[in-house]
Amino acid sequence: YNFLEARNGLDLLKDSVIVIATSEVLAEKKSRALINLEIKKKERAVSHLKQKYKSSKLSSEDIHLCLYSICDNDSFLNSNRLPIDTIIGYLKEYFKPGEVEEGFSLSIVSGENGARLSHSHERQYYFALQSLTLWRDIIHEMFYLWHLAEEDILSESMGYKLKDTGQGMQRVQSSPRTYRAMQGILRNVQQKVNQWVGSSVIHMGDHNVPNALMFIDKYTQVPFILSPIIRCIENLESLCEKDKGIDKFVASAYGSVDNLKKTILYDFFSFSV
């Protein structure tokens with residue numbers, strides 16, 4: 001934005017064609033012909049914007065760089081936020097806060113199966129929903145948070161101390177910019193969900209989370225945790241269709257593919273969020 005503003009190029013961001021020019025072309029079970037069509041459509045949109053908005057202050061190469069920078073963010077969101085959106089969709093599809101299906105209660109009891117808290121089915125449902133929604137919104141703002149984290153880490157006014165936090169020697173440093181941004185994200189999430197379960201304390205710059213970089217880095221791991229679950233859920237039907245032995249096992253052990261999906265998700269929402 002600042003780059004374009006300095007070169008009188010903000011009208012580029014208002015052009016509706018920019019949506020096509022910056023969208024990632026995803027396979028998503030599309031035919032090769034359709035993928036090629038979308039690629040050509042995107043290339044034409046990029047070419048159109050470069051020709052329309054180039055000036056003595058803003059070269060076509062500058063415009064190209066800006067468009068693909070925006071596309072990088074779109075690509076990041078498809079790879080990292082989309083898995084969380086998908087898991088939230090599964091939670092809402094397979095479970096209801098006010099209804100407990102036999103064998104699929106999300107309730108947990110402290111000390112049992114590794115649980116450290118005691119929650120009713122409804123409370124655990126909302127706890128899972130708020131956790132996933134928070135993860136989702138942090139990932140959505142990751143580029144912004146990364147920018148702030150770098151400013152905090154490199155700040156000359158905010159010194160740091162090397163301390164043994166119990167997780168080895170760490171750079172413990174106050175991170176006011178990232179902390180303020182996280183407060184805003186947390187408030188937005190609290191407004192989205194029907195109820196908030198547990199603490200809303202943000203740990204940053206202490207023994208738990210020593211600095212801003214450590215804080216945001218842990219959230220970049222979330223998609224890597226969720227993606228294998230999603231791939232498993234999405235491929236169960238085709239796996240059973242291809243392998244009669246697995247199909248017979250699923251039918252005898254779980255009753256149906258849908259029940260197996262729900263069993264996997266029940267375990268995740270009860271003990272992994």
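The values are calculated or read from the model by the stated rules, or taken from the named source; none is laboratory data. A quick note: this is a predicted structure, and the numbers were derived from the prediction, not measured. Glycine also receives a Cβ, built like all others from the backbone with ideal geometry; neighbour counts cover every protein chain displayed. For the accessible areas, the whole protein counts, side chains as well, though only heavy atoms, and no ligand, DNA or RNA atoms are used. Shrake-Rupley method; radii C 1.70, N 1.55, O 1.52, S 1.80 Å.
Among residues that are of a type in the set (A, V, I, L, M) and open to solvent by less than 30 Å² (accessible area, probe 1.4 Å), LEU106 is included. ASP217 meets the conditions (1) loosely packed, with under 15 Cβ neighbours inside 10 Å; (2) farther than 26 Å from ASN78 by Cβ; (3) among the charged types (D, E, K, R) in every case but one. The failed one is (2). Contact map, the stretch 170-196: first residue touching a residue at least 24 places away in the same chain (Cβ under 8 Å), second residue in a helix (DSSP H, G or I) and surrounded by fewer than 16 Cβ atoms within 10 Å (Cβ to Cβ), Cβ cut-off under 7 Å, separation 6 or more or different chains; pairs are ARG177/GLU151; ALA181/TYR144; TRP196/GLN190. If I filter the stretch 78-89 for residues that are in contact with a strand residue (DSSP E or B) (Cβ under 7 Å, 6 or more places away or on another chain), of a type outside the set (Val, Ile, Thr) and within 30 Å of ASN259 (Cα to Cα), do I get at least one hit? No, the stretch 78-89 contains no residue that is in contact with a strand residue (DSSP E or B) (Cβ under 7 Å, 6 or more places away or on another chain), of a type outside the set (Val, Ile, Thr) and within 30 Å of ASN259 (Cα to Cα). Output yes when any residue across the stretch 81-100 is of a type in the set (A, V, I, L, M), open to solvent by 50 Å² or more (accessible area, probe 1.4 Å) and under 18 Å from PHE271 (Cα atoms), and no when none is. Among the residues of the stretch 81-100, at least one is of a type in the set (A, V, I, L, M), open to solvent by 50 Å² or more (accessible area, probe 1.4 Å) and under 18 Å from PHE271 (Cα atoms), which makes the answer yes. Of the residues ASP243, ASP164, ASP267, ASP247, only one is free of Cβ contacts under 8 Å to residues at least 24 places away in the same chain, closer than 21 Å to LEU129 by Cα, open to solvent by 50 Å² or more (accessible area, probe 1.4 Å) and among the acidic types (Asp, Glu); which? Sole residue among the options that is free of Cβ contacts under 8 Å to residues at least 24 places away in the same chain, closer than 21 Å to LEU129 by Cα, open to solvent by 50 Å² or more (accessible area, probe 1.4 Å) and among the acidic types (Asp, Glu): ASP267. I need the full set of residues from the stretch 27-37 which are closer than 26 Å to ASN235 by Cα and either of a type in the set (Ser, Thr, Tyr) or open to solvent by 40 Å² or more (accessible area, probe 1.4 Å) (or both), in order please. Selection gives ALA27, GLU28, LYS29, LYS30, SER31, ARG32, ALA33, LEU34, ASN36.
Per the conditions (1) at pLDDT 95 or above; (2) in a loop (DSSP other than H, G, I, E, B), the sole criterion not satisfied by ILE264 is (2). Can you name the residue in the stretch 50-61 that is assigned to a helix (DSSP H, G or I), open to solvent by less than 60 Å² (accessible area, probe 1.4 Å) and out of contact with any Gly (no Cβ under 8 Å at 6 or more places or on another chain) and, of all such residues, is farthest from VAL17 (Cα to Cα)? Restricting to residues being assigned to a helix (DSSP H, G or I), open to solvent by less than 60 Å² (accessible area, probe 1.4 Å) and out of contact with any Gly (no Cβ under 8 Å at 6 or more places or on another chain), the top hit is SER60. Among the numbered conditions (1) open to solvent by 60 Å² or more (accessible area, probe 1.4 Å); (2) touching a Ser or Thr at 6+ places or on another chain (Cβ under 9 Å); (3) of a type in the set (D, E, K, R), the only one that ASP206 does not meet is (1).
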